[in-house]
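Here the structure comes first, spelled out in structure tokens, and everything after it is commentary.
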Amino acid sequence: MDVAIKIFLILHFIGLAGIIGSWLAVIKDPRVVMGMLHGAILQVVTGLALVGLNEADDADVNHMKIGIKLVIALIILAVAIVGLKKEKQNPGSTAALAHVAGGLGILNVIIAVMW
């Protein structure tokens, strides 16, 4: 079980890098890009898998923290979906949404580390 948890944790970090890294890559010309969407999907899927694996391994899981992080991850996912649709219709119009996705990604890191 420990190996599976570590693999999903690595994938979870890669999803986080996809969100924040994509945001930083376009910060001079902010817009929502596919990396944000792919990172958000990976974060949600692996985060849920990590909770399930940890629960199955009888680890102590802070459900309040996980719930808040899940809501933030789902908001990032929604922002990425909406932003990509708007970006196709009107290129360059998603600067605010890109900043929301990147900022919420950083907020999720802060919650994970500080709580």
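Under the condition of being buried (at least 16 other Cβ atoms within 10 Å of the Cβ) and either in a helix (DSSP H, G or I) or within 13 Å of the chain's Cα centre (by Cα) (or both), the residues counted in segment 87-99 number 3. Remark: Leu16 falls outside the filter, which requires a residue to be in a helix (DSSP H, G or I), modelled with pLDDT of 95 or more, open to solvent by 50 Å² or more (accessible area, probe 1.4 Å) and closer than 30 Å to Asp2 by Cβ. A count restricted to segment 54-76 and to residues that are part of a helix (DSSP H, G or I) and touching a residue at least 24 places away in the same chain (Cβ under 8 Å) stands at 11. The set of residues in segment 34-53 that are in contact with a helix residue (DSSP H, G or I) (Cβ under 6 Å, 6 or more places away or on another chain) and either open to solvent by 40 Å² or more (accessible area, probe 1.4 Å) or without any contact (Cβ under 8 Å) to a residue 24 or more places away in the chain (or both) comprises Gly35, His38, Leu42, Val51.
Flag not set for Val79, criterion: open to solvent by less than 70 Å² (accessible area, probe 1.4 Å), in contact (Cβ under 8 Å) with a residue 40 or more places away in the chain, aliphatic (A, V, I, L, M) and not in a helix (DSSP H, G or I). Applying a threshold of 7 Å to beta carbon distances and a minimum spacing of six or more residues, or different chains, the list of pairs starting in segment 103-115 at a residue that is within 16 Å of Val61 (Cβ to Cβ) and ending at one that is loosely packed, with under 15 Cβ neighbours inside 10 Å reads Ile111/Lys65; Trp115/Lys65.
Let's see how each residue does on (1) more than 14 Å from the chain's Cα centre (by Cα); (2) open to solvent by less than 50 Å² (accessible area, probe 1.4 Å); (3) at pLDDT below 95:
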| site | (1), (2), (3) |
| --- | --- |
| Lys69 | no, yes, no |
| Gly83 | yes, yes, no |
| Leu107 | no, no, no |
| Met114 | yes, no, no |
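The values are calculated or read from the model by the stated rules, or taken from the named source; none is laboratory data. These numbers were taken from a predicted model, which means no experiment stands behind them. Ideal geometry is used to build each Cβ from the backbone, glycine not excepted, and the neighbour counts take in all protein chains shown. When the accessible area is computed, the model is the full protein with side chains, heavy atoms only, and any ligands, DNA or RNA have been set aside. Shrake-Rupley method; radii C 1.70, N 1.55, O 1.52, S 1.80 Å.
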